[in-house]
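Peer 1: Take a look at the following structure, please.
The values are calculated or read from the model by the stated rules, or taken from the named source; none is laboratory data. Being a predicted model, the structure only gives us computed values, none of them experimental. Cβ atoms come from the backbone with ideal geometry, glycine included; neighbour counts cover every protein chain shown.
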Amino acid sequence: MAVTWKRLAPIDDVITKNLLTQQGDVIYASGASTPAVLHPGTDGQVLTTKGNGVNPIWADSAGEADIAAQTLTWLGL
């Protein structure tokens, strides 16, 4: 049986493996049709966005205690 290869996308539309250099890398669009990579943050950081038109960043977490308190407040407890 012969194997037939088909190109699924034009070569300009393919994100190459060399963009990813570390385990945990995240691909995002830094502009129209411009792929970029966000390398892993440090322990305890969370992925954050400042809204449309701003690149994502890793930021320090509010912490488990703060999240628990906010949840209890939201629940009215």
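Peer 1: Residues in region 17-43 that are at pLDDT below 85 and closer than 20 Å to S61 by Cβ: how many?
Peer 2: Of the residues in that region, 0 qualify.
Peer 1: Across region 23-48, what is the number of residues that are in contact (Cβ under 8 Å) with a residue 12 or more places away in the chain and at positive phi? Break it down into steps so the answer makes sense when it comes.
Peer 2: Looking only at region 23-48, we keep the residues that are in contact (Cβ under 8 Å) with a residue 12 or more places away in the chain, and these are 23-28, 30, 35-42, 44-47.
Applying the additional criterion that residues be at positive phi yields 24, 44.
Residues flagged as in contact (Cβ under 8 Å) with a residue 12 or more places away in the chain and at positive phi within region 23-48 amount to 2.
Peer 1: Across region 17-53, what is the total count of residues that are part of a loop (DSSP other than H, G, I, E, B) and loosely packed, with under 10 Cβ neighbours inside 10 Å?
Peer 2: Within region 17-53, the subset part of a loop (DSSP other than H, G, I, E, B) is 20-25, 32-33, 39-44, 49-53.
Keeping just the survivors that are loosely packed, with under 10 Cβ neighbours inside 10 Å gives 21-24, 32-33, 42-43, 51-53.
Residues that pass the stated criteria total 11.
Peer 1: I would also like to ask the following. Looking only at region 59-74, decide whether some residue is part of a loop (DSSP other than H, G, I, E, B), at pLDDT 90 or above and surrounded by 12 or more Cβ atoms within 10 Å (Cβ to Cβ). Explain how you work it out, then say what you get.
Peer 2: Within region 59-74, the subset part of a loop (DSSP other than H, G, I, E, B) is 61-63.
Next cut, at pLDDT 90 or above only: none.
Scanning region 59-74, I find no residue that is part of a loop (DSSP other than H, G, I, E, B), at pLDDT 90 or above and surrounded by 12 or more Cβ atoms within 10 Å (Cβ to Cβ), so the answer is no.
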